[in-house]
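Structure first, commentary second.
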Amino acid sequence: MKEEQQSNTVFYVLMVLAMIAWGASWVNAKVLSDYITAQELIFYRYFITTITLIPVLIYMKQSFKIDIKTFLLAFLASVFLVLYSIFFFDGTKYGSPGLGGAFVTSLTPILTFLILISFFKKYFIKKDIFALFIGAIGVLTILNIWMFTIDEILITSNIYFIFACFAWAGLTISNSKLKTIKPLVFTFYVYVITTVIGYFITPFNSGNIFEFDSIFWINFLIISIVSTTFATSIYFVGISKLGASSASAFIFLVPFNAIFLSYIFLNEPIYVTTIIGTILTIFAVSLLNNIKFTNFLKSKGNK
């Protein structure tokens, strides 16, 4: 039992690190939007991710076998991933990244819960609803949402972020239906299919990426390898291990990470409300996942 608790704790830490990497992707995407289009990023990003995931699967001795039903599920997940990537990238480029980050990360887990309840007959107790409510308030507090005017909130470009929420909720639920194959192998096929789709929808009119400067390459490699090979793979495994609703709840941690990294790399200010909002989001995640921090500390002390 103690080993199982420690294993779960390690996985929670990995999920938090994955959310930090996702937070960095908002900064990376903003920088990359000056170089390439959303479609180009989809192809280049997931091509690199596919290549870098192969040695991971070989090291873990994972079988690459996949049946037709699972392949079709991977194709569905890939479609959602392509849609999310386009809406995320274009929303960051043309809309308000701060407002978009708050909206996407707070609405996505709520949508996931609502879709599961409405279409998959899932039952959630009042604690879950309360936790989602607290998490949403925390995210909005982090972003100082009251500082935005109605006109800023309702601009057309922010529709991208709404679509991104639905796309990621669909991706989360489709991955939760995984039964007959290892999560990382399934993730690999999702990336392969996404790369192929990206190739056929991309006009490649932004120039030769090998002629771009180091700023492009640093951000591109981070968003491709760190935010995708590492972070998204951990998230997909989390869906299988924790369930769609619990895994999606960790997205509440992304806004603070995005703001903190923006402060470091883009010189954006951090407000007291950021700290308050972060406490609320961490509380929401721990409540949704029934994380017993006191028990963990006791188990560490009994070693």
Qualifying residue in the range 137-152 (condition: assigned to a helix (DSSP H, G or I), modelled with pLDDT of 85 or more and touching a helix residue (DSSP H, G or I) at 6+ places or on another chain (Cβ under 9 Å)): yes
Checking Phe216 against (1) surrounded by 15 or more Cβ atoms within 10 Å (Cβ to Cβ); (2) of a type outside the set (D, E, K, R); (3) closer than 21 Å to Leu17 by Cα, the condition it does not meet: (3)
Odd one out for Leu81, checked against (1) buried (at least 23 other Cβ atoms within 10 Å of the Cβ); (2) over 20 Å from the mean Cα position of the chain (by Cα): (2)
Residue identified as surrounded by 23 or more Cβ atoms within 10 Å (Cβ to Cβ) and of a type in the set (Val, Ile, Thr) among Val190, Val237: Val190
Failed item in (1) hydroxyl-bearing (Ser, Thr, Tyr); (2) surrounded by fewer than 18 Cβ atoms within 10 Å (Cβ to Cβ); (3) under 23 Å from Leu242 (Cβ atoms), with Ser176 passing the rest: (2)
Candidate set: the range 35-61, residues that are more than 20 Å from Tyr160 (Cα to Cα) and not in a helix (DSSP H, G or I); chosen: the one modelled with the highest pLDDT: Lys61
Selection count, the range 172-211, where residues are without any contact (Cβ under 8 Å) to a residue 60 or more places away in the chain, assigned to a helix (DSSP H, G or I), over 17 Å from Ile234 (Cα atoms) and not β-branched (Val, Ile, Thr): 3
Answer residue from the range 23-49, given it is surrounded by fewer than 22 Cβ atoms within 10 Å (Cβ to Cβ) and among the β-branched types (Val, Ile, Thr) and is farthest from Phe88 (Cα to Cα) among those: Ile48
Near pairs, Cβ below 6 angstrom, 6+ apart or cross-chain, from the range 38-51 (farther than 15 Å from Thr232 by Cβ) to any residue that is of a type outside the set (A, V, I, L, M, F, W, C): Ala38/Asp90; Gln39/Thr202; Glu40/Thr202; Glu40/Ser206; Phe43/Gly198; Phe43/Tyr199; Phe43/Thr202
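The values are calculated or read from the model by the stated rules, or taken from the named source; none is laboratory data. From a predicted model like this one, the values you see are computed outputs, not experimental measurements. Cβ atoms come from the backbone with ideal geometry, glycine included; neighbour counts cover every protein chain shown.
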